[in-house]
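The values are calculated or read from the model by the stated rules, or taken from the named source; none is laboratory data. Being a predicted model, the structure only gives us computed values, none of them experimental. Neighbour counts are summed over all protein chains in view; Cβ atoms, including those assigned to glycine, are modelled from backbone coordinates with ideal geometry. To get the accessible areas, we keep the full protein, side chains included, count just its heavy atoms, and leave off ligands, DNA and RNA. Shrake-Rupley method; radii C 1.70, N 1.55, O 1.52, S 1.80 Å.
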Amino acid sequence: MEQRGELGQELYELGLRLGRLGAVAVGSGGGPLARALARIAGGGAALSGGEVKFHDGDCAACGAWVGRYYNLPAALFIRQDGDGVEIYLSDGQGRSFHRRLDGGGPASAVGEWDLLAGADCAWAACRVGERRSDGGLAAAEGPAALTLALERLGYEVADRPVPGAVLFRADREGLSLTVEQGGATLRPVGEDALEAAAAFVDEPQAVPAFRPDGDGAEQK
């Protein structure tokens with residue numbers, strides 16, 4: 001695994017150099033090792049100020065064409081072949097470089113990247129469950145999932161404070177929630193902002209689930 005780490009470092013440093021050129025097309029094919037190394041190189045390019053264009057072309061020739069078509073100064077394609085990888089680099093003008101590298105271990109030891117799509121919607125649905133509010137107008141400030149949760153609860157949701165509307169305000173990361181209603185500021189208890197919003201609907205006048213913002217005295 002140490003050798004594989006060195007391979008990753010080499011691709012990262014290559015990405016840093018490519019990023020300084022301004023932009024680079026990056027693609028991969030053949031397996032998870034190539035995909036991981038492409039992301040490492042792309043990360044290096046982005047961190048050095050470059051614009052990274054990931055593409056889904058599945059061969060080096062397509063990657064080189066992408067670079068030329070979009071007038072990019074460089075195109076990188078990484079091909080996994082067994083336990084090794086082949087690096088294809090072109091300068092966008094037809095000149096190319098090819099090098100084979102040892103993968104540093106069995107390709108089967110490389111994990112896969114996966115995208116869990118729809119996480120905001122799933123989070124909102126889980127926290128709300130079958131709960132429903134009396135409805136009405138509400139305003140939401142915070143992550144997009146807060147708006148999704150409030151809509152599932154039955155609110156008509158605005159994206160800014162509205163006179164007479166309940167204001168649900170979460171921090172940027174969705175970890176806590178305050179509710180402003182009728183001149184009072186309440187802090188519903190929950191593992192996160194969405195669970196706290198659901199708790200507010202369950203028991204909007206509960207004590208000690210809520211406390212006024214500021215002095216910490218319980219609401220009576």
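Quick grid of which residues meet (1) touching a strand residue (DSSP E or B) at 6+ places or on another chain (Cβ under 6 Å); (2) modelled with pLDDT under 95; (3) under 14 Å from Ala193 (Cβ atoms):
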| position | (1), (2), (3) |
| --- | --- |
| Asp114 | no, yes, no |
| Asp120 | no, no, yes |
| Arg127 | no, no, yes |
| Gly136 | no, yes, no |
| Leu150 | yes, no, yes |
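Note on segment 140-151: residues that are closer than 15 Å to Val179 by Cβ, part of a helix (DSSP H, G or I) and open to solvent by 40 Å² or more (accessible area, probe 1.4 Å) amount to 1. Name the residue, out of Trp113, Trp123, that is within 30 Å of Ala38 (Cα to Cα) and either in a loop (DSSP other than H, G, I, E, B) or not hydroxyl-bearing (Ser, Thr, Tyr) (or both). One residue alone meets the criteria, Trp113. Listed by first and then second residue, the pairs linking a residue in segment 28-47 that is under 9 Å from Gln80 (Cα atoms) and free of Cβ contacts under 8 Å to residues at least 60 places away in the same chain to a residue that is of a type in the set (A, V, I, L, M, F, W, C) and open to solvent by 30 Å² or more (accessible area, probe 1.4 Å), with Cβ atoms under 8 Å apart and 6 or more places separating them unless they lie on different chains, are Gly29/Cys59.
A search for C-beta distances below 8 Å between a residue of segment 125-145 that is hydroxyl-bearing (Ser, Thr, Tyr) and any residue that is buried (at least 21 other Cβ atoms within 10 Å of the Cβ), counting only pairs 6+ apart in sequence or on different chains, returns Ser133/Leu153; Ser133/Tyr155.
For segment 152-188, a residue qualifies if it is in contact with a helix residue (DSSP H, G or I) (Cβ under 8 Å, 6 or more places away or on another chain), within 18 Å of Arg132 (Cα to Cα) and open to solvent by 70 Å² or more (accessible area, probe 1.4 Å), and exactly one does: Arg152.
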